[in-house]
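I am attaching a structure below and will ask some questions about it afterwards.
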Amino acid sequence: AIPIVVLISGSGSNLQALIDTQDDTNIRIAAVISNQQGVRGLERAQEAGIPAIVLNHTEYDSREAFDQALISEIDSHQPELVILAGFMRILTPEMTNHYHGRMMNIHPSLLPKYKGLHTHKRALEAGDNVHGVTVHFVSSELDGGPPIIQARVPVKATDNQESLQKRVLLQEHIIYPVAVGWFAAGRLKLDGDTAILDDRPLPPSGFQ
Ligand code: GAR
């Protein structure tokens, strides 16, 4: 199994999906790191017997200093892959370059639509009839790295932010383990700015 480190800031439901599928995807979660203390995701790690570490970003003088500490902590676990699972901090280019091709993020929109925050609200306000979620390799551009896999979620006329978010989250829990499993199996790579699955470049929208 390949060692991975998961970064979180909150509930950790995606972390839970990765914990629950570790055997199938052939990964071993070596550590979970949160920038927030007291969050549910830390409990989930502890319940699974995984080291749960807090690095509080407010205790550092700058984004650079925080990211340096984060890099040291992550690398002490020697992961082959670093997973952002609801990690709500913007990363410095030093950090994204350091993990080029070995860091993934999940973002609750059909990228390149709705980078940033409040994606469900923005999709509803735009009157979209389809919304969704993207797993992508991390680059220095916020939510801008090469997509790996996307799930589309139909928007219902009766949807509000909460109901839509719930249905998107169910898809997140399916596609994140898929992407991580591909990587662990050696099927997925990043070549420059192109994600490659089974020796074929993925389209800019990722595998759907
Ligand atoms: C997920 O919906 C994830 O896609 C989103 O935060 C949530 C975390 O939930 N990530 C972002 O918005 C990143 N910009 P979780 O803690 O239950 O996995």
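Enumerate the helices in the chain for which the Kyte-Doolittle hydropathy averages 0.0 or more and the C-alpha atoms extend at least 30 Å along the helix's axis, using complete DSSP H runs.
Counting only whole DSSP H runs, the qualifying helices are 161-184.
For a protection proxy built on the mean count of beta-carbon atoms within 10 angstrom, sort 19-29, 47-57 highest first, please.
Listed from highest to lowest mean packing, they are 19-29, 47-57.
Calculate how large, on average over all directions, the projected area of the Cα convex hull of the range 1-65 is; give the answer in nm² to one decimal.
Mean projected area for the range 1-65: 4.6 nm², to one decimal.
If you project the alpha carbons of the range 30-101 onto their three principal axes, what span does each projection cover, largest first, in Å?
Reported extents, whole Å, longest axis first: 33, 28, 20.
Quick one: net charge of GLY181's neighbours, Cβ under 10 Å, K/R +1, D/E -1?
Summing Lys and Arg as +1 and Asp and Glu as -1 gives 0.
Determine the distance separating the Cα centre of the range 16-43 from the Cα centre of the range 136-203; give it in Å without decimals.
18
Out of all DSSP beta bridges with both ends in the chain, state the antiparallel percent to the nearest 5.
Percentage antiparallel, nearest 5: 50.
When the expected Rg is taken as 2.2 N^0.38 Å, what fraction or multiple of it is the alpha-carbon Rg of the chain?
0.98
Ordered by packing density, taken as the mean number of other Cβ atoms within 10 Å over each peptide's residues, highest first, how do 169-177, 121-129 rank?
Ranked by mean Cβ neighbours within 10 Å, highest first: 169-177, 121-129.
Read-outs throughout are calculated quantities, based only on the coordinates presented, and are distinct from any laboratory measurement. Keep in mind it's a predicted model, so treat the numbers as computed, not measured. We place every Cβ from the backbone using ideal geometry, glycine too, and count neighbours over all the protein chains shown.
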